[in-house]
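Data block below; observations after.
Values in this text are rule-based calculations from the coordinates and carry no lab data. This structure is a prediction, so every number in the text was calculated from the model and none was measured. Here the Cβ positions follow ideal geometry from the backbone for every residue, glycine too, while neighbour counts run over all protein chains shown.
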């Protein structure tokens, strides 16, 4: 284990203007590293959700025009890095990774670069992309083992420079609460049966398949859609076309996600693409909420079928409905799965474990860069 007494100057960069698990992980890592005494700054697009949330949490943040791969963004990134000279830059999206990598070519004191891959979308094998990942980047972090294996097997990347570090959840925030009291506080019925999906409203999160599955479930089963995003209009249209307006509630973006996870009878995430390890699943596990999800990305690493939840084929609303129905009609089985999931999450997916692993990577690449 590397010497953790050394304090580093760490920068997290993010070009995305979205809001989801990726941005939440950046803030969680930043908060954890600050608590360990490191100097940490978030560099992102000004007025983005990440910028606003960083300010709200009192996290050091800088807004730069890095939303696109253009010269102004490159010059801004180069100037900022030259002035501030961080030890490590942890990049999170394609655009900011390129801007940091190209800027570093012209720096007398270039930082170590760590690239975090949050999603399972394929990476092309163009020489430029290989340069970015294998030459410009000092270390790659994936949020799941399957994502790491894909980079090694499909892309041929060096396995000794890639580490899987699962996103850690804070058990002081996400923990089991009394369902009836939580529902009353949220203004929900204490007798209805609630399904919940907590996710950005993107096509590949599979909301449409969950709505189709809901059609064949009993009338007293209500779906709560927590989150917001670009696919909201299409999801609303699907609800209307399936005549389910009275059984679907759009809750919107929520800060008290733990309360909503404790209020529902079941967390359903029917994603069909791009997933790494979704934070909402680990949050649900720590809240002891029964889970139904799909075999996509690294999801099977945390939700083991018939042990910590039920896993079905993606884009299969029939299978999805049967799995939901099974747990609704077998509450004892659902409780057993949820208990196993809770124990698994406490053992492997806490925030402290994530921070410890990331700190060791940052210390290592920083030391190598200096030598």
Using only Cα atoms, what is the ratio of the radius of gyration of segment 299-346 to 2.2 N^0.38 Å?
1.14
Please report the antiparallel percentage of DSSP beta bridges with both residues in segment 179-348, rounded to the nearest 5.
0 percent
What angle, in degrees between 0 and 90 and rounded to the nearest 10, separates the Cα long axis of helix 317-329 from the longest principal axis of the Cα atoms of the chain?
70 degrees
Extension gain, residue 251 back to residue 107 (0.36 nm per residue minus Cα-Cα distance, nm)
47.1 nm
What ranking, highest mean first, results for peptides 195-202, 304-311, 275-282 when packing means the other Cβ atoms within 10 Å averaged over each residue?
275-282, 195-202, 304-311
Note down the Stokes-Einstein diffusion coefficient of segment 36-130 in µm²/s, whole number, using a Kirkwood radius over alpha carbon pairs, 10 °C, and 1.306 mPa s.
111 µm²/s
Given a Förster distance of 45 angstrom, what is the FRET efficiency for residue 242 paired with residue 367, based on the Cβ-Cβ distance and rounded to 0.05?
0.20
Specify the angular offset, from 0 to 90 degrees and rounded to the nearest 10, of the alpha carbon long axis of helix 71-84 from the longest principal axis of the alpha carbons in the chain.
70 degrees
I'd like the orientation of helix 331-348 relative to the chain: the angle between its Cα long axis and the longest Cα principal axis, in ° from 0 to 90, rounded to 10.
10 degrees
Counting only DSSP beta bridges with both partners in the chain, the antiparallel fraction in percent, to the nearest 5, comes to 0 percent
With the crude spin-label approximation of a point 7 Å out along Cα→Cβ, what separation in nm comes out for residue 124 versus residue 191?
5.9 nm
Mind ranking 216-228, 260-272 by how tightly packed they are, going by the mean number of other C-beta atoms within 10 angstrom, highest first?
260-272, 216-228
Order by neighbour count: 46, 368, 14, 359, fewest other Cβ atoms within 10 Å first, most last.
368, 46, 359, 14
May I ask you to give the average projected area over all directions of the convex hull of the Cα atoms of the chain, in nm² rounded to one decimal?
18.3 nm²
Expressed in angstrom, Rg and Dmax over the Cα atoms of segment 131-290 are 18.5, 58
